[in-house]
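Before any comments, here is the structure.
The values are calculated or read from the model by the stated rules, or taken from the named source; none is laboratory data. Note that the structure is a prediction, hence the values are computed from the model and not measured. Heads up, the Cβs are rebuilt from the backbone with ideal geometry, glycines too, and the neighbour counts pull from every protein chain shown.
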Amino acid sequence: MTYPALLFPPEIAAAVEMRESTNGMEIWDPIRKKWLVAVPEEWVRQHCIVYLEALGFPKSNMTTEAGIQTGFKQKRTDIVATKAGKPIILVECKAPAVKLSQATFNQAFNYNQSVDAAYLWLTNGKQHLYWDCTANTPCHSLPLAESV
């Protein structure tokens, strides 16, 4: 499997750790502290973790694949970055081949009803959409951790 170049700075891509194993290519998840099969969505998720860390959110303040309750259903968030215990950014990751759509936004918004993060980040690694939930408006970038 080839992994497409994603729209992240080169230093972000360089920090994503991969290895070949008997299961194929694996990618290191520094949050869950284990090697995972490097499926396309995981490829995007690991780039997002490194990017959030570059924005000043320590790995110790991030969760991946955390269970949440939405209505009567149990779901999992891709990434949530917190500061002082408060959710700041909820990230919804899709594989690079998946187009971001209104359904993607609805999914993230629905998850955020339980999480209550200040920002949403929807990404397939090639397109990044940001939403400021406090102002209920799109924004051009995510905040640095020091500014929230």
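What the table shows:
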read-out	value
Tally, over the stretch 4-32, of residues that are among the hydrophobic types (A, V, I, L, M, F, W, C), under 22 Å from residue 65 (Cα atoms) and not in a strand (DSSP E or B)	7
Sole residue being within 13 Å of the chain's Cα centre (by Cα) and touching a residue at least 24 places away in the same chain (Cβ under 8 Å), chosen from 49, 68	49
Strands (runs of 3 or more DSSP E) lying entirely in the stretch 38-148 (those with 1 or more residues that are surrounded by fewer than 16 Cβ atoms within 10 Å (Cβ to Cβ))	62-70, 73-83, 86-93, 128-132, 137-139
Residue within the stretch 2-15 that is on the phi > 0 side of the Ramachandran plot and surrounded by fewer than 18 Cβ atoms within 10 Å (Cβ to Cβ) present	no
Answer residue from the stretch 44-101, given it is touching a helix residue (DSSP H, G or I) at 6+ places or on another chain (Cβ under 7 Å) and of a type in the set (D, E, K, R) and is nearest to residue 130 (Cα to Cα) among those	92
Among the candidates 42, 20, residue that is more than 16 Å from residue 94 (Cβ to Cβ) and not basic (Lys, Arg)	20
Scan of the stretch 39-73 for residues that are at pLDDT below 95 and in contact with a Gly (Cβ under 8 Å, 6 or more places away or on another chain), ordered by number	none
Any hit, the stretch 128-140, residues being in contact with a Gly (Cβ under 9 Å, 6 or more places away or on another chain) and over 22 Å from residue 12 (Cβ atoms)	no
